[in-house]
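All remarks here apply to the structure that follows.
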Amino acid sequence: MLELLYQRRSIRKYLHKPIEEEKILTLKKSVLLSPSSRNRKPWEFVFVTNSETIQLLANSKPQGSDFVSGAALVVVIVGLPDLAEPWIEDCSIAATILQLSAEYLDLGSCWVQIRDRQHTKQESAEDYIKNMLSIDHNKRIEAIISIGYPDETLEPHTISDEIFQKITEVK
């Protein structure tokens, strides 16, 4: 597990290569096994492989989402606030599990924040995606996760002494 955490980086450049169906199935299973508060699972996931729809998702906000257009797969993380109050946390955990699973499968990924972001001055990024994908307006969009074969290599994470200062031990 630690090796995955060291290696996982936010990948924004992808090869033009489809992801095998068995890997997509593994990603689906892993995200559905994500822990949630009281096991309520207040989330749904939309797996998008259609290139035109991926391009529309890449335009979901004016900055920080355009690289999504190069991904072979985009997963929309949908929250169900009526099922559990900590839906944001549960969706975030699921998105993290998805990204770690992608890393395990030698795929790159990157989180794109959607909740509380704007598409235009008149329309939120959430509403833009809900309208595009016909998602019920009582549901929320936490994020989209781009996934694909990496076309960039980034150095693994390290843990410096300075970072270790963020941990306090109480014995």
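The values are calculated or read from the model by the stated rules, or taken from the named source; none is laboratory data. This structure is a prediction, so every number in the text was calculated from the model and none was measured. We place every Cβ from the backbone using ideal geometry, glycine too, and count neighbours over all the protein chains shown.
Odds and ends about this structure:
- Counted residues, segment 141-171 - those being over 24 Å from I24 (Cβ atoms) and within 15 Å of the chain's Cα centre (by Cα): 0
- In segment 153-171, residue farthest from E3 (Cα to Cα) [restricted to those that are in contact (Cβ under 8 Å) with a residue 40 or more places away in the chain and surrounded by 10 or more Cβ atoms within 10 Å (Cβ to Cβ)]: L154
- Residue pairs whose Cβ atoms lie under 7 Å apart, separated by 6 or more positions or on different chains, with the first residue in segment 75-93 and at pLDDT 95 or above and the second among the acidic types (D, E), are I77/E142; V78/E44; G79/E142; L80/E44; A84/D90; I88/E142; C91/E142; S92/E142.
The rows are residues; the columns are (1) part of a strand (DSSP E or B); (2) in contact (Cβ under 8 Å) with a residue 24 or more places away in the chain; (3) out of contact with any Lys or Arg (no Cβ under 9 Å at 6 or more places or on another chain); (4) of a type in the set (F, W, Y).
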residue	(1), (2), (3), (4)
P18	no, yes, yes, no
V46	yes, yes, yes, no
Q55	no, no, yes, no
S60	no, yes, no, no
F67	no, yes, no, yes
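- Residue in segment 60-68 that is touching a Phe, Trp or Tyr at 6+ places or on another chain (Cβ under 9 Å), more than 22 Å from L100 (Cβ to Cβ) and either exposed (fewer than 15 other Cβ atoms within 10 Å of the Cβ) or modelled with pLDDT of 95 or more (or both) present: yes
- Extreme residue, farthest from Q7 (Cα to Cα), among residues of segment 138-152 that are in contact with a helix residue (DSSP H, G or I) (Cβ under 6 Å, 6 or more places away or on another chain) and of a type outside the set (A, V, I, L, M, F, W, C): E142
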